[in-house]
1. Output the residues belonging to region 337-381 that are outside any loop (DSSP other than H, G, I, E, B) and either among the charged types (D, E, K, R) or within 17 Å of residue 316 (Cβ to Cβ) (or both).
2. If I ask for residues that are out of contact with any strand residue (DSSP E or B) (no Cβ under 7 Å at 6 or more places or on another chain) and either of a type outside the set (Lys, Arg) or at pLDDT below 95 (or both), which ones from region 120-135 would you list?
3. Please go through region 65-99 and pick out each residue that is within 25 Å of residue 35 (Cα to Cα) and buried (at least 18 other Cβ atoms within 10 Å of the Cβ).
4. Quick one: which residue in 291, 299, 287, 323 is within 23 Å of residue 143 (Cβ to Cβ) and over 18 Å from the mean Cα position of the chain (by Cα)?
5. For residue 188, all conditions in the list (1) over 15 Å from the mean Cα position of the chain (by Cα); (2) at pLDDT below 95 hold save one; what is the number of the exception?
6. Restricting to region 125-155, what's the tally of residues that are polar (S, T, N, Q), crowded, with 19+ Cβ neighbours inside 10 Å and under 17 Å from the mean Cα position of the chain (by Cα)?
7. Going by the conditions given, is residue 278 at pLDDT 95 or above, at negative phi and hydroxyl-bearing (Ser, Thr, Tyr)?
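The values are calculated or read from the model by the stated rules, or taken from the named source; none is laboratory data. It should be emphasised that the depicted structure is a prediction, and the values quoted were computed from it without experimental measurement. Neighbour counts run over all protein chains shown; Cβ positions are idealised from the backbone, glycine included.
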Amino acid sequence: MRPLYLIVGFWGDRFRSYFLDYCLRSLLSPRNLGALSAADGHRFLICTTAADWQALQRHPAWSALAAHATAVHIEVGLPDGTSEKAKFDHMTLGHRLLLNAAHRDRALTCQIMPDTIYTDGTFETVLRCAAAGAHAVLTVALRLEQEGLFAGLRERGLLLEPASEGSSAAPITINARSVVDLVIKNLYDDSLLHDWDRSDFLRWPAYTFWRMPGDRGMLMHSASHAYILFDMATVKQHDERALDMGCIENHWLSDNFPDSSFIHVVQDSDDALLVTWTPSAPFPLPARMPAIVRRLGLAVPWKIYRIRAMREYNIAVGDFQKADHVRYLVRLHGEDVQGADWRPLEERIEKIMTWTFGDVFEEFSGKSCPAAARIALAMWWPLLRLLVRLGLVPPLLRRKLRDSRAGPFLKKILDRLRGLKALVRRAGSRNLPSTSQ
């Protein structure tokens with residue numbers, strides 16, 4: 001077996017605690033790191049501050065890591081400021097340092113997120129895929145509301161109190177099927193807006209999903225994935241342009257792993273399920289479906305248009321892997337999916353995907369549709385392509401201006417206009433008459 005490099009970056013008490021109390025302990029489960037031996041050369045690269053590195057070594061769970069992987073410190077300081085941009089840039093710096101270290105050693109690499117619990121068997125899956133020839137393995141990672149998720153895990157006895165509070169430092173071993181309903185019940189606000197059946201569906205979705213009754217499971221198509229494995233030995237020259245303009249979740253995968261045939265997208269939660277969270281907090285709602293679209297009864301074609309626009313936008317900005325991965329149906333389930341009650345939902349989704357992508361993906365070509373439906377599709381697809389091309393002109397122009405020399409100046413103007421708009425909205429809401437009795 002080739003040595004596996006795990007890479008993670010963080011700083012500060014909050015994310016260090018997430019990593020030690022939950023993430024690391026889940027990684028030490030029997031079918032994850034627990035199945036590996038440090039004697040085989042496995043390494044855990046941790047990009048963090050000197051103070052955080054010292055604190056890691058005092059934690060009860062830390063000593064268990066040595067049997068399975070050798071911890072390596074990549075030192076980095078603190079962000080240059082407290083703004084969100086400063087934090088984002090610092091996170092990207094950590095990604096760059098870690099990726100370059102993995103590329104230098106031509107390593108089989110697993111990107112770890114500190115605020116994530118990895119279900120038991122995730123590493124078993126990625127190593128099996130690597131042995132079968134995959135250059136990268138991806139899986140969905142939905143944002144969940146921390147308070148409700150943790151309460152549910154503790155109620156079921158799946159999550160012991162943090163080791164730093166004096167309890168056991170034992171591995172956290174969670175079977176994916178035992179938590180799928182908790183994942184569905186605790187989707188974060190922005191994740192909920194990707195529900196196909198919502199009337200306030202997002203204007204710029206990264207994925208969409210459909211629920212099974214009783215939170216027994218959900219089916220989804222997604223362009224957004226976490227990278228749980230990539231083989232840096234297959235990357236001749238590490239292309240870092242995506243890190244100059246954004247982060248690893250940008251078009252970094254497309255730049256460095258251009259051949260989709262060597263990328264495996266996990267489509268079954270039994271193989272891997274990432275339970276990632278964020279504390280509940282107010283956040284500005286993104287642009288959603290206009291009310292007039294609902295009133296005119298155009299909700300379904302509007303959603304089809306938005307999903308197709310998401311794919312074409314990714315192609316336009318060079319992220320063709322995201323554009324390709326949206327084709328895969330992903331199943332999150334707490335029971336077998338062979339039951340007859342799953343089939344109607346799968347058939348409904350297939351029809352939606354036929355109207356959305358039938359002219360670009362062979363599996364949705366509609367060849368089995370009745371003749372009348374095929375005629376309707378043949379007229380619809382050219383119209384959809386035209387509408388998407390026209391609709392993408394403004395965002396692509398904004399992106400081009402943002403990346404130009406005038407970008408920072410234009411951003412300041414737009415930020416001031418948005419701030420003025422928010423002030424006007426707040427002033428208007430204060431002047432509204434009260435409707436309370």
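1. Passing the criteria: 341, 343, 346, 347, 348, 350, 351, 357, 362, 363, 374.
2. Matches in region 120-135: 120, 121, 123, 124, 125, 127, 131, 132, 133.
3. 65, 68, 69, 98, 99
4. After applying the criteria, what remains is 287.
5. Looking at each condition in turn, residue 188 falls short on (1).
6. 1
7. Considered against the rule, which asks whether it is at pLDDT 95 or above, at negative phi and hydroxyl-bearing (Ser, Thr, Tyr), residue 278 comes out as no.
Each row is one residue, and each column tells you yes or no for (1) among the aromatic types (Phe, Trp, Tyr); (2) over 25 Å from the mean Cα position of the chain (by Cα).
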residue	(1), (2)
22	yes, no
29	no, no
36	no, yes
41	no, yes
44	yes, no
50	no, yes
57	no, yes
60	no, yes
